[in-house]
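*Asks:* A single structure is presented below for examination.
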Amino acid sequence: MGFIIRGVVILIIFAFVVYVFKAIARLTHHMRGTVRDVRTLRDQIAGRGTVNEEMVRCVNCGAFVASRDALTVSARNSSRTFCSQECVSARVQNR
Ligand SMILES: [Zn+2]
């Protein structure tokens, strides 16, 4: 009789432990998702920052311009970056 009760108690403890582990796993998964969200958000903010700070050099006058403002002209197998349309024209005329 005592053996059966002990077995049931062990079974209940085991079930409880499994339940707790599942709860912890779910919580960690949820936490991981939150951390991922925060990281993505931080990357987006940082990415926006680096896009603003990312400077490319004009091959004609040597001025540094933000990559989003730069004009990129693709030649045969190389691409050249210019700060303005004037520089593109000047470069083309010099050739
Ligand atoms: Zn230029």
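*Asks:* How many residues does segment 65-87 contain that are assigned to a strand (DSSP E or B) and either surrounded by 14 or more Cβ atoms within 10 Å (Cβ to Cβ) or within 8 Å of the ligand (Cβ to nearest atom) (or both)?
*Replies:* Residues meeting the conditions: 6.
*Asks:* Inspect all residues belonging to segment 88-95 and state whether any of them is out of contact with any strand residue (DSSP E or B) (no Cβ under 7 Å at 6 or more places or on another chain), assigned to a loop (DSSP other than H, G, I, E, B) and within 16 Å of the ligand (Cβ to nearest atom).
*Replies:* Yes, some residue in segment 88-95 is out of contact with any strand residue (DSSP E or B) (no Cβ under 7 Å at 6 or more places or on another chain), assigned to a loop (DSSP other than H, G, I, E, B) and within 16 Å of the ligand (Cβ to nearest atom).
*Asks:* Next question. Looking at the structure I just gave you, is T28 away from the ligand (no atom under 16 Å from the Cβ) and not hydrophobic (A, V, I, L, M, F, W, C)?
*Replies:* Yes.
*Asks:* Can I ask one more? May I ask you to say which residue of A25, A46 is of a type outside the set (S, T, N, Q), surrounded by 10 or more Cβ atoms within 10 Å (Cβ to Cβ) and at pLDDT below 80?
*Replies:* Only one candidate qualifies: A46.
The values are calculated or read from the model by the stated rules, or taken from the named source; none is laboratory data. Values in this document were obtained by computation on a predicted structure and should not be read as measured data. When we count neighbours, we look across all protein chains shown, and the Cβ atoms used for this are built from the backbone with ideal geometry, even at glycine.
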